[in-house]
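> Please find one structure pasted underneath; my questions will follow.
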Amino acid sequence: MTAIDDTTGLFAPVAAPRADSGALRTVVTPRASQAVANRQRWERRFRARLRVTDTAIILVACTLASFFSLQVIDPQLLAADPWILARIPLVTAVGWLAMLALFNSREAAVIGSGATEYRRVAHASAMAFGGLAILFALFEWNGIRTQLFFALPVGLVVLLVSRWAWRRWLMRQRAFGKYSSRTIVVGDQQDVDYVVRTLGSGSLGYLVVGAAILDDDGATPTHSAPFPVMQGSSWVAQAGALEADTIVVASQPNGDPDYIKRLAWQVEGMAAELVLSSRIADVAGPRMSLRPIEGLPLIHVQIPTFEGGTHLVKRAVDIVGALVALTLFLPFAAVIALAIKLDSPGPVFFFQKRVGRDGREFRMMKFRSMRTDAEAQLEALRAENEGSGLLFKLKHDPRVTRVGRVLRKYSLDEVPQFWNVLRGDMSVVGPRPPLPAEVMAYDGTVFRRLYIKPGITGPWQVGGRSDLSWEESVRLDLRYVENWSVIGDLIIMWRTVRVMIKPDGAY
């Protein structure tokens, strides 16, 4: 049993009453607050929408596969067993939907999370068809081959597109404060400020409605807070009025190892979840896992590797992607080359030394977007630099040609770099390829960007490009270097296409 400790504002254990202690103390089990009930309601509503969409897509894909197989490939089988047209897609659909449920692909924790959600959908689909293949073989049923070669790829692609569309819809709703976890951030001033900046305006699913500063100096966060900022341990008494359903602990008081446990007891019923924030998750998040051992919660951080089978898969994706890109772009290359020649004198292509994996230099190839004397004019323009850190950028660089501005805006000047990908100097996705002068100014941490091949695109390009600060660019690159995945690369490629169509921060 527990009760409120009036001196600390936190729950304290209550000893079992003795037989002669008189009336028993009344203990009320925590009940869900209205804020928690509201959150559970929108989560159920959103999961129901995903369930309906998933079911419709899978049924249509499986039915079309069976119809094609039985009407076109093997009509005699349909004549012998008319019910097979309904049985095969129904069994396949039920198994597929069951696996999506078993893999928690519609779990609240992954709703709208992007790569994690897509990965679960892909894994569940692969496992479903593996099990169905065994089932069809055991019962000697026909029709699994068409389901495997038609329903699986087509259905999976449409499923992923559907989840992406729902994710976009969810982000638009969150821009208006809907479908988000109303969050209170707790901790020291510096840590609270960092978490609030990272969570942003609510598009990530956490809408900050309050902050509790545990510092004793009475200071408030350095950011401009559009929400109440509370002080000390008495913040919980005020939290109910904010209708918060999530508590994010950015840091806990020094010398108080039981703070998290007491806080979890205190917010029972008032909040749906307690989230612990750690700076290590900024880089190592996907490699972290919690493994309790005999009641001891151990956080495991897997050490990243920079070679092996996954990197061979990445290289295979690079080769295929580069060949496809160069083939599709070839008809437009002649038009761009002619435009460059007519716009300004000089060569069509521009070659520049860049630094790749392990510090090896290579010649990066681009369409020329500047005048031929651009390098000679660089020093004269350094005083007007608008870039951050080691980067030199000018929004209105006088060295850029008229055609060059168009090429840079839509990233068309970088298409020839696919030749560098085929040569093995670069990857399709990776950190930004740095200049040798930049690398000379790196510190020990930034050097980690050179552990893998640089990319034509990467988190810096889809995350703001030239509008990013130097620190933010480095943080995104380091996170990618240690946590990249094939699915993550495919997502970045897709987001790059969107950025090219609707450029932001490109100059």
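> Compare the Cα positions of 134, 169, 181 along the charge dipole of segment 114-191 (+1 at Cβ of Lys, Arg; -1 at Cβ of Asp, Glu; about the Cα centre) and return the one farthest towards the positive end.
169
> Work out how much length residue 299 to residue 31 would gain on full extension: take 0.36 nm times their residue separation and subtract the Cα-Cα distance, in nm to one decimal.
Taking 0.36 nm per residue and subtracting the Cα distance, the gain is 93.4 nm.
> Take residue 229 and residue 149, extend 7 Å from each Cα along the Cα→Cβ direction, and tell me the distance between the two endpoints in nm.
Simple spin-label model gives 6.5 nm for this pair.
> Then there's this: Calculated FRET efficiency, residue 42 and residue 324, Cβ-Cβ r, R0 60 Å, to nearest 0.05?
For R0 = 60 Å, the calculated efficiency reads 0.90.
> With θ set to phi - 60°, apply the Karplus curve 6.51 cos²θ - 1.76 cosθ + 1.60 along segment 112-129 and write out the HN-Hα couplings as whole Hz, x wherever there is a Gly or Pro.
Here the 3J(HN,Hα) series is x, 8, x, 4, 4, 5, 4, 5, 5, 5, 5, 5, 4, 5, 5, 5, 4, 6 Hz.
> Follow-up question, since we're still on this one. Subtract the Cα-Cα distance of residue 67 and residue 483 from 0.36 nm times their separation in residues, and report this length gain in nm to one decimal.
That pair, residue 67 and residue 483, stretches by 145.5 nm at full extension.
> Treat each spin label as a single point 7 Å out from the Cα along the C-beta direction, and report the residue 373 to residue 353 distance in nm.
2.4
> While we're looking at this one, here's another question. What pairs from 366/409; 353/409; 395/453; 178/261; 314/395 go past 26 Å between their alpha carbons?
From 366/409; 353/409; 395/453; 178/261; 314/395, over 26 Å: 395/453; 178/261; 314/395.
> So how do 178, 314 rank on accessible area, 1.4 Å probe, biggest first, that is with the largest at the start?
Of 178, 314, the descending order of accessible area is 178, 314.
> What is segment 255-334 by shape, rounded, prolate or oblate, if you read a ≥ b ≥ c off the alpha carbon gyration tensor as root eigenvalues and call it rounded for a/c under 1.5, prolate for a/b larger than b/c, and oblate otherwise?
The shape class here is prolate.
> Residues with amide H under 5 Å of residue 249's amide H, sequence separation 5 or more or different chain, H placed in the peptide plane at 1.01 Å from N; which?
HN-HN under 5 Å from residue 249: 186, 275, 276, 277.
> Given the Cα-Cα distance of residue 52 and residue 307 and 0.36 nm per residue of separation, how much length would full extension add, in nm?
Residue separation times 0.36 nm, minus the Cα-Cα distance, leaves 87.6 nm.
> Please give the residues of segment 120-152, grouped as numeric ranges, whose backbone N is less than 19 Å from a label point set 7 Å along the Cα-to-Cβ vector of residue 104.
120-128
> Heavy atoms only, 1.4 Å probe, whole protein assembly: order 201, 277, 369 by accessible area, highest first.
Listed by decreasing accessible area, they come as 201, 277, 369.
> Enumerate the calculated ³J(HN,Hα) couplings along segment 396-413 in order (Karplus 6.51 cos²θ - 1.76 cosθ + 1.60, θ = phi - 60°), each rounded to whole Hz, writing x wherever the residue is Gly or Pro.
For segment 396-413, the Karplus-derived couplings read 10, 6, x, 7, 6, 7, 5, 5, x, 5, 5, 4, 5, 4, 9, 6, 6, 5 Hz, x marking Gly and Pro.
> Nearest 0.05, what FRET efficiency do residue 495 and residue 338 give at R0 = 30 Å with Cβ-Cβ as r?
0.45
> Then there is this: Can you tell me the FRET efficiency between residue 275 and residue 134 if r is taken as the Cβ-Cβ distance and R0 is 56 Å, rounded to the nearest 0.05?
Values: r = 40 Å, r/R0 = 0.71.
My answer for the efficiency is 0.90.
> Okay, moving on. Considering only DSSP states other than H, G, I, E and B, which GluC sites (Glu not before Pro) in segment 90-171 qualify as loop sites with at most 12 other Cβ atoms within 10 Å?
The qualifying sites are 140.
> Mind giving me the nanometre distance, one decimal, between the label points for residue 141 and residue 396, set 7 Å out from Cα along Cα→Cβ?
The answer from the label model is 6.8 nm.
> Right, here's the next one. Using amide H atoms built in the peptide plane, which far-off residues or other-chain residues are under 5 Å from residue 356 H to H?
Answer set, sorted by chain and number: 361, 362.
> OK, next. Which peptide among 148-156, 303-311 comes first, and what is the full order, when sorted by highest mean count of other Cβ atoms within 10 Å?
Ranked from most to least packed, the peptides come out as 148-156, 303-311.
> Quantify how much of the Cα-Cα distance distribution of segment 123-186 extends past 16 Å, in percent.
63
> Sticking with this one: Report, by chain and number, residues whose modeled amide H sits under 5 Å from the one on residue 370, excluding near sequence neighbours (fewer than 5 apart, same chain).
Placed amide hydrogens put 401 under 5 Å from residue 370.
> Something else now. Taking segment 300-444 on its own, what percent of its Cα-Cα pair distances exceed 24 Å?
42
The values are calculated or read from the model by the stated rules, or taken from the named source; none is laboratory data. Because the structure is a prediction, the values reported are computed rather than measured. Note: ideal-geometry Cβ built from the backbone for every residue, glycine included; neighbour counts use all protein chains shown. Only protein heavy atoms, including side chains, enter the accessible area calculation; ligands, DNA and RNA are left aside. Shrake-Rupley method; radii C 1.70, N 1.55, O 1.52, S 1.80 Å.
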